[in-house]
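Visitor: The structure's right below; bear with me while I get my questions together.
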């Protein structure tokens, strides 16, 4: 079976003209030097630790894997594609010479090279099925795409071919849902790393975003209340919310719910935030006494919903960036 590879044309898609002119495809990481000098991938990893000391270990591992794959696995006769962002199309070619290292052939920052016979016909991205487009959207520099080889070959032979994929909408929805779910889990991990005092500040910032005036208890015994939230600056106007924040692995218990209920002000609404969740008994007591319970998952969703209105000094505890996805 013919192997198919996707190779990204530089960080900004800038290599396409050079590749077509020189009949090559190339990748970077020149600091690793010629991959042929390494007998095993572990040797290249050790080199990466030396030349990329400021980078994260997982990043170094990913870079080495891609250079190793490019230099040892791509063979003569394999098919390769790359995406041209400007034209929204894929160039397609066949490998005619396996890997060699030469900074003088193409761009000096991309000295790992294979020779490719690029075809004149291209494949428009919009003609691919949604499943193919999703897979080809990976941010890796080098990866296998064997499952889409037949589809690409058919479009090369007949660019007017229209694939009917009844699952296109479902596929796109699943990708978006998976992306959002992964992002929320990553945020949960970040929140989980905060210390208890930072967690109180974060919850206070969330309430400020919702339009409340907030008083956060100083470090030390709090008498069962970590945060007080008022609708007016003096605390006269109701609703008044008293909040207990437990940031730990263990679940909050029923006695802790009772402690919050008994804390001043007695007539305030009660909100209990527990990143470790709640025992079933605690949930029963809370339900009976109209205590609002918020676990880590719900807390993160609330933060995401209200993040842009949170004060800057609270957002700095949990730096996030906005990403748009299709509805």
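The values are calculated or read from the model by the stated rules, or taken from the named source; none is laboratory data. Everything numeric here is computed off the predicted structure, so don't read it as measured data. Neighbour counts run over all protein chains shown; Cβ positions are idealised from the backbone, glycine included.
One line per residue, one yes/no per condition, for (1) surrounded by fewer than 20 Cβ atoms within 10 Å (Cβ to Cβ); (2) under 12 Å from residue 112 (Cα atoms); (3) at pLDDT below 95; (4) touching a strand residue (DSSP E or B) at 6+ places or on another chain (Cβ under 7 Å):
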{"position": "14", "(1), (2), (3), (4)": "yes, no, yes, no"}
{"position": "39", "(1), (2), (3), (4)": "yes, no, yes, no"}
{"position": "77", "(1), (2), (3), (4)": "yes, no, no, yes"}
{"position": "95", "(1), (2), (3), (4)": "no, no, no, yes"}
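Visitor: If you check residue 121 against the conditions, is it at pLDDT 95 or above and assigned to a loop (DSSP other than H, G, I, E, B)? Walk me through it before giving the result.
Guide: Working: at pLDDT 95 or above: no; assigned to a loop (DSSP other than H, G, I, E, B): yes.
So residue 121 does not fit the description; no.
Visitor: I'd like the full set of residues that are buried (at least 19 other Cβ atoms within 10 Å of the Cβ) and within 21 Å of residue 72 (Cα to Cα), limited to region 119-148.
Guide: 141, 142, 145
Visitor: Further question: Within region 294-327, count every residue that is within 26 Å of residue 254 (Cα to Cα) and without any contact (Cβ under 8 Å) to a residue 24 or more places away in the chain.
Guide: 3
Visitor: Here's something else I'd like to know. In region 55-62, is there at least one residue being part of a loop (DSSP other than H, G, I, E, B) and surrounded by 15 or more Cβ atoms within 10 Å (Cβ to Cβ)?
Guide: In the first step, residues of region 55-62 are kept if they are part of a loop (DSSP other than H, G, I, E, B); the result is 55-56.
Those still in the list that are surrounded by 15 or more Cβ atoms within 10 Å (Cβ to Cβ) too: none.
Scanning region 55-62, I find no residue that is part of a loop (DSSP other than H, G, I, E, B) and surrounded by 15 or more Cβ atoms within 10 Å (Cβ to Cβ), so the answer is no.
Visitor: Now a separate question. Using the structure shown, decide if residue 94 is without any contact (Cβ under 8 Å) to a residue 60 or more places away in the chain, assigned to a loop (DSSP other than H, G, I, E, B) and closer than 30 Å to residue 36 by Cβ.
Guide: Working: without any contact (Cβ under 8 Å) to a residue 60 or more places away in the chain: yes; assigned to a loop (DSSP other than H, G, I, E, B): no; closer than 30 Å to residue 36 by Cβ: yes.
No.
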